[in-house]
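K.L.:
Following this message is one structure expressed as C-alpha cells.
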Amino acid sequence: MKIASLNLSTQKGVIKVPVERVTVDLQGIVGDAHAGPWHRQVSILSTDSIAKFSKQLGRNIRYGEFAENITIEGLGGTRVGVLDRFFSNGVVLEVTQLGKSCHGDGCSIFREVGNCVMPKEGIFCRVIQGGELFTGDKVDFQPKVFKILVITLSDRCYAGIGEDRSGPLVRNQLSELMESHKRKYSIETGILPDEPMQVAKRISSAFHEGYDIIVTTGSTGIGPRDIAPEAIRPLLDREIPGIMDMIRLKYGMEKPNALISRAFAGTKNKSLFFAIPGSPKAVIEYMEEIKKIIFHCFNMLYSIDNH
C-alpha cells in the first residue's frame, strides 16, 4: 500500500486540497479542520472506493473531494477493524471508527450529487505517533490481534480426576464472537487448582502480559474452596457489576440457585476480566450475555466515544 494523496482543508464540510507533505501530531494533521483532541483525527479512503464512486457518478472524483485526509492505493479488499493500525514513515494511526453519519447538506459533495462514500467506507483514526508524511510513502497495515486467556479453576480438573468441560465452552464462545466480527485473535487455555495465591499470581501475570480478555470459570460459589472473588478482585482497577447482576437476576427468576453465584467482572489497564461459574449450562448462559458487551467495553477502555 502507498499514499496516493494527502489532502487538507481549513474548514469542515468542504473539499480538501491535495498537498505533497503534511505534519502529523497527536491532534491530527497540522492545519486541517478535523484535527483535535478526539477520536476522529485523521480520515482515510481507498482509491478503489473513489474509483467505484466515480464510475457510479459518471465523472472523475478528485482525491480529497470526499474530505479524506489520506487516500491510500492498495487498501481495497483489506478488512479493517477498530484498533487496527496503519504505519507510514514513523507515523502510527489507530483505527477508531468505520463510517460515520452523513452531513447531508453540510457536505459539498453531497450537495452536488446527493450521495457520499464516507459514511460507508471511510476509515477514521487517531494519532498514536506523529511525524511527517509525503505523497508516495509506503503504508503498512497491522490488524489488532485480540489476546484471550481462559482458565478453569478446579481442584478436580487440575488433578486429572474430572474432565474440564467449561473451559472449552468458553473458548468456543469467544472464538465464535471473534469470527463473527471477522477479528483476528489468539486463545490460550489453562487449568489451576482452587489455590488463592497460585490463582492471583497467574491472573496478575496475565494482566501484566497484556491479554485483552481473561475469563476464569469455576470457583465462584460459596463453598470453602470457591476462592475466585477473594483471589482476583483485589487485582482489578474497576469492577463492572451490572452485567453479572443482570445475569444472576435473569436466570434467578426461574432458578433461585443462580442467585448464589458470586461471578464478577472488571478491568485492569486495557484488559477485560470475567469470572463466571463452572457448570457448562451456566457458562453458556453467562457467555451469551457477556459477548454482547465486549466490543463496546473495548471502545470505552480505549476512549473511543462513538456510542
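K.L.:
Please go through segment 104-130 and give me each residue that is modelled with pLDDT of 55 or more and assigned to a loop (DSSP other than H, G, I, E, B), ordered by number.
P.N.:
Cys116, Val117, Gly122, Gly130
K.L.:
Let me ask something additional. Return a yes/no flag: does segment 262-271 have any residue that is under 15 Å from Gly221 (Cβ atoms), part of a loop (DSSP other than H, G, I, E, B) and in contact with an Asp or Glu (Cβ under 8 Å, 6 or more places away or on another chain).
P.N.:
Yes, segment 262-271 contains at least one residue that is under 15 Å from Gly221 (Cβ atoms), part of a loop (DSSP other than H, G, I, E, B) and in contact with an Asp or Glu (Cβ under 8 Å, 6 or more places away or on another chain).
K.L.:
When you look at Thr47, is it in the same structural domain as Glu121 (by TED's automatic domain parsing), among the polar types (S, T, N, Q) and closer than 22 Å to Asn89 by Cβ, yes or no?
P.N.:
Against the criterion (in the same structural domain as Glu121 (by TED's automatic domain parsing), among the polar types (S, T, N, Q) and closer than 22 Å to Asn89 by Cβ), Thr47 qualifies.
K.L.:
Output the residue which, of all residues in segment 43-76 that are modelled with pLDDT of 85 or more and small (Gly, Ala, Ser), is farthest from Glu132 (Cα to Cα).
P.N.:
In this case the residue turns out to be Ala51.
K.L.:
Taking the stated definitions as given, is Ile29 modelled with pLDDT under 95, β-branched (Val, Ile, Thr) and closer than 18 Å to Ile123 by Cα?
P.N.:
For Ile29, the condition - modelled with pLDDT under 95, β-branched (Val, Ile, Thr) and closer than 18 Å to Ile123 by Cα - is not met.
K.L.:
Another question, if that's okay. Among the helices (runs of 4 or more DSSP H) contained in segment 168-260, which hold 2 or more residues that are at pLDDT below 95?
P.N.:
241-252
K.L.:
Against the condition within 27 Å of the chain's Cα centre (by Cα) and more than 16 Å from Val145 (Cβ to Cβ), how does His208 come out, does it pass?
P.N.:
Yes: the conditions hold for His208.
K.L.:
May I pose another question? Being buried (at least 19 other Cβ atoms within 10 Å of the Cβ) and within 24 Å of the chain's Cα centre (by Cα) is the requirement here; does Val199 meet it?
P.N.:
Against the criterion (buried (at least 19 other Cβ atoms within 10 Å of the Cβ) and within 24 Å of the chain's Cα centre (by Cα)), Val199 does not qualify.
The values are calculated or read from the model by the stated rules, or taken from the named source; none is laboratory data. These figures come from a predicted structure and were not determined experimentally. Because the Cβ atoms are built from the backbone with ideal geometry, glycine has one as well, and the counts that use them run over all protein chains shown.
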